[in-house]
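Right, one structure below, let's go through it.
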Amino acid sequence: MLIQRFKSKIHRATVTEANLNYVGSITIDESLMKAANILEGERVQIVNNNNGARLETYVIKGEANSGVICLNGAAARLVQPGDVVIIIAYAYMTPEESASFEPTTIMPKEGNRLP
């Protein structure tokens, strides 16, 4: 049996852009992706702390050290620049793997910079 478990999180990033006229996804600063152990194309859940919206999409790599957090396509209707979001990735693993697994959480500073 496999369970789905929290794997990685970018906690309290600030949305920098919302681009309705894009095919969909979330663009994340590559430096944040690497620090949080999130891969390009990976499925993530976005939780908007400002309005309670929750959505799922996939990740597009943004320019490293740019601080970009951009919701694209339909997701752009659920956020505004300046909103604070939590970006969560999950992984499937056995209960045995889960027992010793340590998820990765990063908490960006102002401007979505690494601490």
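Relative contact order (percent) for segment 3-112, with alpha-carbon contacts under 8 angstrom and 6 or more residues of separation?
Answer for segment 3-112 is 48 percent.
Give the cross-link partners of Lys7 among the lysines, using a straight C-alpha distance below 19 Å as the criterion and excluding same-chain residues fewer than 8 apart.
By straight Cα distance, Lys7 reaches Lys34, Lys61.
Grab the other residues whose beta carbon is less than 11 angstrom from that of Val68, score K and R as +1, D and E as -1, and report the net.
-3
Quick check: net charge around Ala89, other residues with Cβ under 10 Å of its Cβ, Lys/Arg +1 and Asp/Glu -1?
That works out to +2.
Given that compact globular proteins tend to follow 2.2 N^0.38 Å, what is the ratio of the alpha-carbon Rg of the chain to that value?
1.04
What are the ³J(HN,Hα) values, in whole Hz, obtained from phi via the Karplus relation 6.51 cos²θ - 1.76 cosθ + 1.60 with θ = phi - 60°, for each residue of segment 44-57 in sequence order, with x given for Gly and Pro?
Once θ is set to phi - 60°, the couplings for segment 44-57 become 9, 9, 10, 10, 8, 5, 7, 10, x, 5, 10, 8, 10, 7 Hz.
When DSSP assigns beta bridges and you keep just the ones with both residues in segment 3-112, what percent turn out antiparallel, to the nearest 5?
Rounded to the nearest five, the antiparallel share is 70 percent.
Any read-out appearing in this document is the output of simple, stated calculations on the displayed coordinates, not a laboratory observation. Treat the numbers as computed from the prediction; the structure is a model and nothing was measured. In this analysis, Cβ positions are derived from the backbone assuming ideal geometry, glycine residues included, and neighbour counts consider all displayed protein chains.
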